[in-house]
Structures are given as C-alpha cells and as structure tokens.
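Heads up, the thing below is written out as structure tokens.
Bear in mind that the values in this text are calculations on the coordinates, not laboratory data. No experiment lies behind these values; they were computed from the predicted model shown. Glycine also receives a Cβ, built like all others from the backbone with ideal geometry; neighbour counts cover every protein chain displayed.
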Amino acid sequence: MTASEIYARWRTRLVPDHVLGEILSKNWIDNAIPVIFLVAAIAVFGSIIPNFFLFGNLTDEAREFGEIALVVLGLTIVMLAGGIDLSVGSTFALANFITLALINWQGWPAGAAIACALLAGALVGLVNGFLVGYLRLRAFLTTLVMLIVIRAVVDTLVLNYSTKVVVPAVRSPVWDYISFEDIRGVPVAFIVAAVLAVAGHVFLTRLRPGWHILAVGGSRRSAYNAGLAVRRTVATTYVISGTLAAAGGVFYASRLGAATASTGVGLEVAALTAAVLGGISLGGGRGSVTKALLGAAIILVISNSLIQMGLRSGTNTLVLGVVLMIAVAIDVKWLKNRFKVLSRVYVSPAYFRLPPSPSTEEGSDSPYALNDRLHDVELIGLGEIDAAEDPILDTDDNLYFGSRQGDIIRYFGPDHKDWEVYAHVGGMPLGMAFDRQGDLLCCIAGMGLYKIVKETREVVKLTDETNRSWLSIIDDSRLRLPDDLDVAPDGRVFFSEATVRFDMHEWMVDALEARGNGRIICYDPRDGSTRTVIPGVRFANGICVAHDGKSLFYASTWSCTIERYWLEGPKKGTTETVIADLPGYPDNINRASDGTYWLAMVGMRTPAFDLALRKPGFRRRMVQQVAQDEWLFPQMNVGNVVKFNEAGEIVDCLWDRRGVNHPMITSCNEHRGYLYLGGIFNNRVGRYRIPGADPNFTNQGSYWGAGK
Amino acid sequence: MIASAKRLLDRWRGGGEHAVTVPPMDGALRPNEAIEEAPVLVEAAAPDNLATDGARLMFSSGASVLELFSSGARAATKPFAAFDSPVSALALGPGGSVAAGLERGGIALRGGRHDCLVMEQIGGRALSCVTALLFEGEDTLVVALGSQRNGPDRWRHDLLQRNASGSVWRVTLPGGQATCLADGLAWPCGLAAAPDGGLVVAESWRNRLVGLAPGRRPAPLLTDIPGYPGRLAPRAGDAGHWLAVFAPRSQLVEFVLRERDYRESMMREVDPCFWIAPALSAAQSFLEPMQVGGLKQLGVLKPWAPTRSYGLVIGLDAGHEPAVSFHSRASGQRHGVTSCVEFGGRLLATSKGGGVVVSLPLPQGGVR
C-alpha cells in the first residue's frame, strides 16, 4: 500500500468530508453569511470601542433595535412580495410627529394617539399599495415620490409646530411607561418588536396569507395562474409596511420626545441595507424574519459604533452605502453560485479497498466461470416494459412488476401476453413481496413502503420514515430510496434503503462515493413502528429471509458482499458476512426451490473501477471536472445470476456472454420451474427454464405454505 | 511571469491546457454511419496499413503483407510477403519497392531495386518503433519513429507515459545515410508529401498535423482534432489528404492523462486491455472500464455514448481543413481505422479493431 493510499484511508476514517456538502444543502445555510457578518462586526467594534458591552449601552441599543427592527420587518414583507418601499423613513417621521402632537399638544390619551399614528402609517401604506398593487405603478418610483411627499408634509409641520409638540401638556402614565420603563431590563420597544417578529415568522411560514406573499414574490405570474389575488396581496404588504414603520416612529417618539427635520432621514437606506444584508432577496420570494432581524442587528451595531467613534453622520451614511453595495453583490453572487458550490462539494468519495476479484474466465474451475446459458431466455413483453426492477409472481401465475411511470403492471398468467395496470402508486416501484394475506408489499423510490390490498387494490402507505440518527446532518428519518423488502414469519417487514444521501435518479453518484450510505430498516405491522436495524451499509440492496425464517440475507452492492443478519437463535441481532468477494455487484436475492438462494448480479467489477475505489481524490476530481456521462462507472451492461447456499458457497452460475438478449439483470425469481429475470434499465422480462427444478415451487408457497 | 501564473491557475481550475474537454465533432466532422454501413471488401485479422503505388494495392495483417485485387464490390487477396514479426508500417514505392516496418524493429524491403535490404538502425538510432513509411522516389524513404521508449504494439503505454520522443527521418537507400527532419514529436504515425515539397506529419498524442520543411521548425497545420490522428494518404488531384483517426479523444482519458497517481497505479497493476485508454476495437470484455453514458438503456447502446474506440476518416482540403468525414460510432464495431487510401475511385479503409477492409464511395462532386 502506497503512502498516498494510507493517507486516503485515514482521511476517510477521520475526516467526515461528506458533512460539508450536507451542511451546504441545508436551507438555513443562507443565514450563515449575515451571522458571520454580525459576529465580525461585533468583534471588530467590540475591540475598538471601550464599554461596547456595558449593560446600559446594551439596553439603549435594545430600545433602538426595537425601532429599526420594526421598520426592517415591514420592508422585508414588501420585499418578499417582490416590491420595495422607500417611504418608510418618511412614514416613520410622520408617525413620530403625530404621536407627539396628539399626546403633548392636544393632550389625547396615549392609546388613542398611538392608534391614530399607526392609522396614518397604514394610510400611507394603503396609498402606496393602491398605486403599486392595483394601478401597477413602479414600486421604486411610487414609493420614492411618497418619500418626498410625506417628507415635505413632515417638514412643514415641524417647521410650524415643533416647539408646541415637545413639551407635554399632561403627563400620561402609559406614555411614560413606554418611554422610560423596562421589563426586567428589557425595553418595551424591544419586547414589542420581538413579539411582532415571532408573529411575523408564524405569519410567513405557517399562515396562508404569508405563503401567498412568498408565492407572489417568487413568481408573480405563477401565483396569478394559481389563482392568488396578486394585486390585493401586493397592496396588503405596503399597508403592513406602513403600519410597522409608523410603529417604529411611535417608539422613536417615546424615546426621544422630539420632532426635528432630520427624524427618519436616511432610514430607508439603513432599512434596505439591513434587509439585503440579512439575505432578503431583492428579487422577492426569498427571505425570512430571522434574516431581517440579523440584518437589523448588523446595521445597528455598525451605525451606533460609528457614532460612538465620533464620526460625522455623513460618514455613517457613506459606510451604510458601501455595506449595501457589498450586500447586494453577495446576494446576487450567492444566489447564483450556491448550487454550483453545492454540486462541487456534495459528492465526497471515500477510500474503499475491495478484496481481489475471483476469476470469471471461461473454462476455468472458478464457480463464476463464464458460460452462455442465459443466451436463449424467452422474453416477455419486449418493448412494452420499462424498468421492471423486481418481477414477482403470485400463485395464479400472474406476473407483477413496477414501471417508471409509477404503475404496478400485471401480466396475466400463464402465457404472459396480456397485461393491465394493476395499481397506480405514483412513484417508481422497486422491490416487491407478498405477505401472508396475499397483499402486495412494495418499496417505492422517494415514497416509502407501500401495500396494495389484494381484494380492493387500494394503495396503502405502511411507512415513510424511520428513527433519525443522532449524528446525521441531513435528515435521514425520511425514506429516500427504499429498495427491496422481505417479510419475516412473524409479519415484520425488513427492507433496505440503498442510500440516504442521493435520490433515485442520482443512484450512480452513490457508486462513486462508496460510503456506507444505506441501511436495513424494519417495519413492524403489529405496532406500526419503523426503526433502523443496520445502518452504514454500502448500497443496501436485495434482501431475503432464509428458508427457516431465522435469519435474513442482504446484499451490499458497492462492497460486493452478501451479509446475513440473525433474527433469532444464539446469534440474534448480529451480522456476519456470507460471501465476501463477489466478482460483481449483487442486487436482489430470492429463494430457490432446492433450499438455496438466487442472486442477481447487476454488474461486474472492472479492474479500473476497483483501482479508482482506492483513490478517493481521483474520483472527487472526476466528479468535479468530467461530465456525468463520461464518469468511470461499474460495468453494468453485463450481469449474471448465481445460486448460493447458506454456507455462502456458489453452487451455480448463469451468464449471457454477449449481453444481447437480456442485458442488465437486477432480479431473478423462481416460479414453477422457471426463473424470471428483471432489469431496471431493460424493456423486457426474461424467462429461463431451470433444469431439474421443482415444477410446483412458488415463492408464496415457500413463505406462507401451500394453502395460500 | 503572467503566463506561468496563468498555467498554475489553469492547473488548479482545470482550464486552458489542463481542461479535460475535447473538441466537438461538428461541421465537417458531424457523425454519420458511413464506415459502419460501407460494403466490406475483405475480412482479415487486424488489417493495418493500406498502401498503394497507383497500380497495386496492399495491406498488412499481422506478420504478413497481402495484395488486394479488387473487382467491383468483391475482392480477393494474395499473400505477398510474410515476416517473422508483425508489420507495423507499409509503403509502396516506384519501381516495385515495398517497405515494411517490423514490430520487433527494423525495416525490410521487398521487390524493386533494393530487394531484400534490411535496415536495423538509422542515424545511430535503433528502428524500434516504425509507425509510418513514405517513399520519395525510388531511393529515398521517409521514416516515422513513434517513440524511443516503446514499440508500436505499446502505443497505449506511450500515450499514458506522456512521451514525446518520436522522430521523422529521411533515409537514402541503399547506404542508409539519414537526416533527422524532426525530433521530440509525440508519436508521429502518419506521413504524406505536401505539394510544396515538404512533409505533413500526424502527431497523434498532440492531436494535430504538423508541416515539416527543410530549415524550418515543425509548424502546426491542423490542431484540436477530436481523436488521435493516424496515417495519411493523398487525395486524387492534389486536393489535400485523407486522414485516418484511429481512436477518439475522450474526457475520461484526458482526465486520466492528468491524474498521475492513478495513471501510474493503473499501468502498474492493471492488464493493459482493461486500462482507461483509447482502444482500437469496441468493448470485448466486461472487465473493460465502463462510463455512465455507456449504460445500455432498454437494451440499446446509444451511438453517442462515451467511447474509447471509434472509426473515423477525415478528408482534408488543400488547406488542411476537414471537409468531409466518415464514421463508425460508439454503437458500431468497425473501430480503429488505422489507414486509408484512395484507389480506383473509391476510398478504402482498414478497421483494425473490426477486422475488415471497407470500401467507401467518394463524395459526389468531390470536395471543395
């Protein structure tokens, strides 16, 4: 073993390379950049500015955070629906003035004054919403005009009445409470913002109107075609934004109690920067409340720190502008390249060394010696079939298998000429078996374990999830690629899941990883529970309960082994390897009439691929640089059928030397003296007469007795 | 400085000369099934080098040289000569001379003025890898030596070792005074006379044709051929050349050529038949490497599947640009076209991997 190989082996053992891709595939990874930005900003300014973390400082910041967070939340909702609201700063100033005017000058009760301010904000939003939503004016220009108009109104009011609004006419306990009191050190503004944030999160992620907003922002036309009230939804977002901006203004009024011409100036830039920095997409449809809050926190830390450092306010805006530019650039680049990065790093091949491959040379004394006995198999349904992974027969000689179109097809026995769609299951059916009642159990890719009831043909879901493993990053509780199943005498269904990291259409990528991504799972119909029995199997595939029902055999495809798991007896719960060095890739296993087992080999090992398994770096670079069609892959055009006994000895071997008549064999099922061959990329089912086989053997009879 | 920085960047990103992409078969190279569907003139074991002097037609097959008598669609062969080693190159000259390069080394002449002459070395260099021969008159022979490290049968080794030790010589018979026309070529294995008196050489591992002229450095005439160019033959009327491309380039092979560790392990541990390397014949064994796109779907291997073997003859115009092409695609069998000649109004080509000599009709109205 060379040094590079030893390194590769230890690296695979010690470094979980696949985790990086799994983390990147998480939805919350979008929040990573703002979080890093926030931590960096706090670290930088925390080290520059003395007393940065002082409690009083933090309380002040929390109060201010409440205000800006409200404004950012409102803007976020508009942006999520695909719009933009530049008038938030002016609305903020207007609400500030109205609140102070009504309380200090007119002597209104605080509650009524606040309600009035909020109403004013909502009204501004309604005008915006009407113009943008119903009249379909440009959001940018419309809200820019609104920014100027409201600003002009506020400026006029401030110019004329600023002195009158500052001095309170009567003191209001409610207003004082909002202004000066804390609840255990937490200011009211912050609490209100927090409550609204939680409500906003629930609204956006759990409620219908929130979904509508995201749908409109994601694709306006699709939302319209789906029957959503696009115009109303857009208009509503501006009303929400106006109201929230007004709420921010109210808290600003409570904090400073002053109305000046500079109130809320530049706030729209700060809020926009916060939203984009947090990861709210300018294009709409992408974002969350968490992102908005993160962005608001970043902006607050930066702008307050700059003020504390004694920089002029012009500098502040300049810095915000630069940050906004960076944020927009990141937003565009990240959105564009995230999936590129993910596709580069997700596949993470592992080191794997297979034992030497046994000879398959024709005429040698190897049990796998090449022959041409499958050359003359009869073909059933040539050209009518697509993707018959695992054909099985019932006691009435009807033939069942799945199709790529999501059906289970039945060919009527005994001549297998006519056929019908037995049941539509909606996903690609893979392994099948009959249970004691004669119901058809079926593993369906991407869906789970299903049952088709014999009498009614009703499709019943048995299970689609198992227990989640503790250390897995990706959610492995959902079944992704259930593959084959078998039923134990006590009714428990054992089934294999080929891989938890890839979907059905990417199964070949799993071959390049050669990681233990698969598992054996047990579904217990007695209590409806599902749990993982054997994790970490390299592409768990065929599964077959032994003739005596005390153990089960399963195939681990990429490691070219057959394993045995004991269901009862002294070795109960343990696994042992029965065949350690197959010359090919094992697929489905089924019972044979003479007490042995049929094993279909879907492909053969090639020296070049076996070598590549020892070079994970080679495979990783291949995935990154070479087009998928050109990847090196296990040989899957030639397969064969072998028969093995419980001791793991090969007792028979059937080949189709040229692979013309029946290329690719994924399953073989014995029935009344014949072997039925399936192949997932094939357009036929093969039928081979087994010399000297029991003409009365059926799988259903073997499992559940001749009576059934 | 900038160039070397760019090379480093390319190496890291897999761009530039480190890219694994291969040129597309487009324009004049658009695939067809002409070779696959062409009538078979004669079947033979690994027919290799077709050669003609205008009157006679011969080809090498293993250790023997066969003369081909063509009459319409049918043809008959007659043994012309047999050697103690497989023939690696063949040329017919004026005056009845036949020169044969031998796999074990050396060049043997039969017939003509230099009958029974055997050369073992030229210019102090052993004739261990004669890949192509060309007569320039009765007493002058141009010899292409593919490599200094490998014999003609070890051409895959030479490719995967990334050698560039081939050379082209002009030898005066019978004395054997030789001048080296070019050295450091990456497996030259096709020779043709250029109208201006120079030579056109197919440089396989660099996927290009170069022009040799006295006193000048080798100049590229056609680059980025989507395969490994082999032997050249003149087209009637001094209108360019026929180029036999004996194997296709493939992304996977290009990738393996850049993966030193894997390549060396493969050459050390794996039987050469099962290497990831170009091949002359369509897959013979399931132990050969397979690629994702080579998976049979519904029992059919797609003609556009990735492949390590292919049949391709390109007709080049006088400016060495491809004008017409004949193909046998991934789903076919007539792969490894190592040579072709234009004879009697038809184009004959040897499919070394498919074991046939085929006869192709020339394109109507010639080629511009």
(request) Grab the beta carbon distance between residue A:527 and residue A:454, set R0 = 22 Å, and tell me the FRET efficiency rounded to 0.05. (result) 0.45
(request) Positive end of the charge dipole of the range A:632-708 (Lys, Arg +1 and Asp, Glu -1 on Cβ, about the Cα centre): tell me which of A:661, A:701, A:651 has its Cα farthest that way. (result) A:661
(message) Please list, ordered by chain and number, the residues whose modelled amide H lies under 5 Å from the amide H of residue A:578; skip anything fewer than 5 residues away on the same chain.
(response) A:562, A:563, A:564
(message) Give me the Å³ per residue figure for the convex hull around the C-alpha atoms of the range A:141-220.
(response) 158
(request) Could you tell me how many degrees, from 0 to 90 and to the nearest 10, lie between the Cα long axis of helix A:139-166 and the main elongation axis, the longest principal axis, of the Cα atoms of chain A? (result) 40
(message) Distance between the C-alpha centers of the range A:1-55 and the range A:126-185? Whole Å please.
(response) 42
(message) If I model a spin label as a point 7 Å beyond the Cα along the Cα-Cβ vector, how far apart are those points for residue B:269 and residue B:120 in nm?
(response) 4.1
(message) Using helices alone, I'd like the mean residue ellipticity at 222 nm for chain A: each DSSP H run of four-plus residues gives -39500 (n - 2.57), total over residue count, nearest 500.
(response) -13500 deg cm²/dmol
(request) With viscosity set to 1.306 mPa s and temperature to 10 °C, compute the Stokes-Einstein D of chain B, Rh being the Kirkwood radius across alpha carbon pairs; µm²/s, no decimals. (result) 76
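Extension gain residue A:328-residue A:424, at 0.36 nm per residue separation less the Cα-Cα distance, in nm? Kindly include the intermediate steps, with their values, before the conclusion.
Numbers: separation 96, 0.36 × 96 = 34.56 nm, distance 4.76 nm.
Residue separation times 0.36 nm, minus the Cα-Cα distance, leaves 29.8 nm.
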(request) Give the whole-number value, in cubic angstrom per residue, of the convex hull volume spanned by the C-alpha atoms of the range B:152-227. (result) 108
(message) Mean-square fluctuation check for chain B, GNM, Cα pairs under 10 Å: which of B:201, B:337, B:22 is largest?
(response) B:22
(message) Let me check the size of the range A:55-303 from its C-alpha atoms; what are the radius of gyration and Dmax in Å?
(response) 17.5, 56
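If each residue of separation counts as 0.36 nm, what is the full-extension length gain between residue B:11 and residue B:261 once their alpha-carbon separation is subtracted?
Values: separation 250, 0.36 × 250 = 90.00 nm, distance 1.56 nm.
Gain on extension, residue B:11 to residue B:261, equals 88.4 nm.
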(request) Under a 10 Å cutoff between Cα atoms, tell me which one of B:315, B:15, B:354 has the largest fluctuation in the Gaussian network model of chain B. (result) B:15
(request) Compute the long axis of helix A:616-625 from its Cα atoms, compare it with the longest principal axis of the Cα atoms of chain A, and write down the angle in degrees, 0 to 90, nearest 10. (result) 60
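For residue B:3 and residue B:216, what does the FRET efficiency come to when R0 = 22 Å and r is the distance between their Cβ atoms, rounded to the nearest 0.05? Each step should come with its number before you reach the end.
Values: r = 24 Å, r/R0 = 1.10.
Result of the calculation: an efficiency of 0.35.
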(request) Put one equal scatterer on each alpha carbon of chain A, apply the Debye formula with no solvent term, and list log10 I(q)/I(0) at q = 0.08, 0.09, 0.10, 0.12 1/Å to two decimals. (result) -0.76, -0.85, -0.93, -1.14
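Counting other beta carbons within 10 Å of each residue's own, what order do A:25, A:529, A:556 fall into, fewest first? Write out the running numbers ahead of the final one.
Values: A:25 17, A:529 13, A:556 25.
By the 10 Å Cβ count, ascending, the order reads A:529, A:25, A:556.
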(message) Taking θ = phi - 60°, what integer Hz values does the Karplus form 6.51 cos²θ - 1.76 cosθ + 1.60 yield along the range A:594-603, in sequence order, with x for Gly and Pro?
(response) 9, x, 9, 9, 8, 10, 8, 9, 6, x
(request) Could you name the lysines whose alpha carbon sits less than 16 Å from that of residue A:454, not counting residues in the same chain fewer than 8 places away? (result) A:708
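Would you work out the charge dipole size for the protein assembly as shown about its Cα centre, treating the Cβ of every Lys and Arg as +1 and the Cβ of every Asp and Glu as -1, and quote it to the nearest 20 debye? The partial results should precede the final answer.
Working: 101 positive and 101 negative charges, 655 e Å.
Using Cβ point charges on Lys, Arg, Asp and Glu, the protein assembly as shown gives about 3140 debye.
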(request) Provide the per-residue ³J(HN,Hα) series for the range A:332-340, in order, calculated from phi with Karplus coefficients 6.51, -1.76, 1.60 and θ = phi - 60°, each as a whole number of Hz, with x at glycine and proline positions. (result) 5, 5, 5, 4, 6, 9, 4, 6, 5
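Can you give the mean number of other chain Cβ atoms that lie within 10 Å of the Cβ atoms in peptide A:675-685?
Numbers: counts 0, 0, 0, 0, 3, 0, 6, 4, 4, 2, 0.
Taking all residues of A:675-685 together, the mean is 2.
Please identify the chymotrypsin sites (Phe, Trp or Tyr not before Pro) of the range A:442-532 that satisfy two criteria: DSSP loop assignment and at most 12 other Cβ atoms within 10 Å. Which are they? Don't skip to the end; give the middle numbers.
Working: sites: A:450, A:470, A:494, A:495, A:502, A:507, A:523; in loops: A:470, A:502.
Here the sparse-neighbourhood loop sites are A:470.
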(request) Evaluate E = 1/(1 + (r/R0)^6) for residue A:149 and residue A:261, where r is the Cβ-Cβ distance and R0 equals 22 Å; express this FRET efficiency to the nearest 0.05. (result) 0.90
(request) Only helical DSSP H runs with n ≥ 4 go in: add -39500 (n - 2.57) per run for chain B, normalise by residue count and round the 222 nm mean residue ellipticity to 500 deg cm²/dmol. (result) -3000 deg cm²/dmol
(message) Can you give me the long-range amide H partners of residue A:651? Hydrogens built in the peptide plane at 1.01 Å from N, cutoff under 5 Å, separation of 5 or more residues or another chain.
(response) A:643, A:644, A:645
(request) Return one number: the angle in degrees, 0 to 90 and rounded to the nearest 10, between the long axis of the Cα atoms of helix A:267-278 and the longest principal axis of the Cα atoms of chain A. (result) 20
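Using DSSP to define loop residues, name the GluC sites (Glu not before Pro) in the range A:321-420 whose beta-carbon has at most 14 other beta-carbon atoms within 10 Å. Spell out each step's value before the answer.
Details: sites: A:361, A:362, A:378, A:384, A:389, A:420; in loops: A:361, A:362, A:384, A:389.
Passing both the DSSP loop test and the Cβ count: A:361, A:362, A:384.
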(message) Can you sort A:216, A:638, B:42 from fewest to most other Cβ atoms within 10 Å of each residue's own Cβ?
(response) B:42, A:638, A:216
(request) Taking the dipole about the Cα centre of the range A:55-303, with the C-beta of Lys and Arg at +1 and of Asp and Glu at -1, give me whichever of A:245, A:132, A:120 is farthest to the positive side. (result) A:132
(request) Per residue of the range A:502-508, in order, report the coupling 6.51 cos²θ - 1.76 cosθ + 1.60 (Karplus, θ = phi - 60°) as ³J(HN,Hα) in whole Hz, putting x for Gly and Pro. (result) 9, 8, 3, 6, 10, 4, 5
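Quick one: which of A:336/B:302; A:340/A:615; A:340/B:302 span more than 27 angstrom between C-alpha atoms?
A:336/B:302; A:340/B:302
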(message) If I model a spin label at residue A:547 and residue B:74 as a point 7 Å from the Cα along the Cα→Cβ vector, what separation in nanometres do I get?
(response) 6.2
(message) With a 10 Å cut-off between alpha carbons and a GNM built on chain B, which of B:50, B:90, B:29 moves the most?
(response) B:29
(request) Report the label-to-label distance for residue A:106 and residue B:285 in nanometres (one decimal), using points 7 Å from each Cα along the Cα→Cβ vector. (result) 9.5
(message) Multiplying the sequence separation of residue A:134 and residue A:42 by 0.36 nm and subtracting their Cα-Cα distance, what value in nm do you get?
(response) 28.8 nm
(request) Can you spot the lysines whose alpha carbon is less than 26 Å from residue A:571's alpha carbon? Ignore those fewer than 8 places along the same chain. (result) A:550, A:643
(message) Going by Cα centres, the range B:239-275 and the range A:477-508 are how many Å apart?
(response) 39
(request) Using Cα positions and a limit of under 19 Å, work out the aspartates and glutamates in reach of residue A:291, with same-chain residues fewer than 8 apart set aside. (result) A:30, A:61, A:64, A:67, A:85, A:268, A:331
